[in-house]
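The values are calculated or read from the model by the stated rules, or taken from the named source; none is laboratory data. Since we're looking at a predicted model, the values are computed, not measured. Every residue, glycine among them, receives a Cβ derived from its backbone with ideal geometry; neighbour counts consider all protein chains shown. Areas reflect the complete protein model, heavy atoms only, side chains present, ligands, DNA and RNA absent. Shrake-Rupley method; radii C 1.70, N 1.55, O 1.52, S 1.80 Å.
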Amino acid sequence: MSVCDDLLLCNFPKCRVKLSGRAWVTACSHIFCDQHGSGEFSRSPAVCPACNSTLSSKLDIVRTELSPSEEHKAMMLSGLRPEIVLDICSRALAFWTYQIYQERLYQEYSYSKAEGHLKQVEKLYTHQIQSKDAEMAAMKGEVNSLKKILEEYKRKYSELSEKLMERNRQYNKLQGMYDGLRLRNMAVANREASSNGERAQPDLFMGNKFPVARTPPLRSCDADFRPQTFFCTSPFDDSGNTAFGSPGNRADPQNMASSRAFKVMRM
C-alpha cells in the first residue's frame, strides 16, 4: 500500500471515509466507497451523488480494486503501446489531481466556515465579556457603596453602644442612690414609728397634763348635737368662775395640787 492511498476519501456527502479495498469511480472524477456506490449506482439512470451528473454510459461507472495484486499490475497494461500507457497514466494522474484539488477546496470551505463560526463565537464571547465586565464593575461599585454603608452602620452602632453603656452606668448609679435613699427613708420612718409608738402609750400623769379625749363619731340615731370643746378648771385656777368655784374649795391644797386644765369633747 502506497502513501497516496490515505489521500483518497469517499466523495459522498457526510461520509468522507478513507477508501480501501474496492471503490466506485465515475467519469466525472469522483470516487465513492463500496457501500454508498452500490446503493447509489444500482438505480437507473445513475446520478453522481457529488455533482448530480447523469452517468448513462456503461463505462461511466467502474468498480475498481484500489490495491491490486502483483499479477494484476503485471498484466493490466501489458501489450499496450507506450502512448496508450502514457495516456492512461496521465488520465489517472489527472483524477488524483482533481481529487486533491477537491479536497483542498473542501478543506478551505471547512476552514472558512469554521473561521466564520469562530469569529461569531469570538464576537459573542467578546460581547458577553464586555457585558460581564460592565456588570462586574457595577457590582464592585455596589459592593463599595455597601461597604461604606456598613462602615457607617458600624460607626453608629459603636456610638449607640457607648451611649447605651453610659446610660446603663448612669442608671445603675441612680438606682444605687435611689436604693440608698429608700433604705434611709425606711430607717427614718421606722425610727419615727417607734418613737411615736412610745409617745402614744397612755399616761395619765405626763407633764401634769391630761391627755386629749375625743368623743366617738355620731350615729344616725343620735340627736343633732355638734361636738363642742370646753375647758374645765379647778376652782382655784378660775377664781372668777362662780358657777364651778366655791369659797370652800379655794383653801384646799389637795385640789390645788391635783387641779390642771384638760380638754374634753362631749356630745
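Can you give the accessible area of E115 in Å² (nearest 10), computed on protein heavy atoms with a 1.4 Å probe?
The accessible area comes out at roughly 70 Å².
With a 1.4 Å probe and every protein chain left in place, tell me how much accessible area S20 has, in Å² to the nearest 10.
Accessible surface of S20 is approximately 80 Å².
Leaving out ligands, DNA and RNA, what percent of the accessible area of segment 27-76 is carbon and sulfur, probe 1.4 Å? Write down the numbers at each step before the final one.
On the way: 1660 of 3270 Å².
Ligands and nucleic acids excluded, carbon and sulfur reach 51 percent.
Please give the solvent-accessible surface of M165 in Å², to the nearest 10, using a probe radius of 1.4 Å with every protein chain present.
Roll a 1.4 Å probe over it and M165 shows about 110 Å².
To the nearest 20 debye, what charge dipole does segment 21-164 have about its Cα centre, counting +1 at the Cβ of each Lys and Arg and -1 at the Cβ of each Asp and Glu? Could the numbers behind the result be given before it?
Working: 19 positive and 19 negative charges, 115 e Å.
So the dipole magnitude of segment 21-164 works out to roughly 560 debye.
How big is the Cα convex hull of segment 28-177 in projection, averaged over all directions, in nm²?
On the way: hull surface 88.1 nm².
Result: 22.0 nm².
Skip the ligands, DNA and RNA, and give the accessible area per residue of segment 1-106 with a 1.4 Å probe, whole Å². Provide the component values of the computation, followed by the final result.
Details: 7250 Å² over 106 residues.
Heavy-atom SASA per residue in segment 1-106 reads 68 Å².
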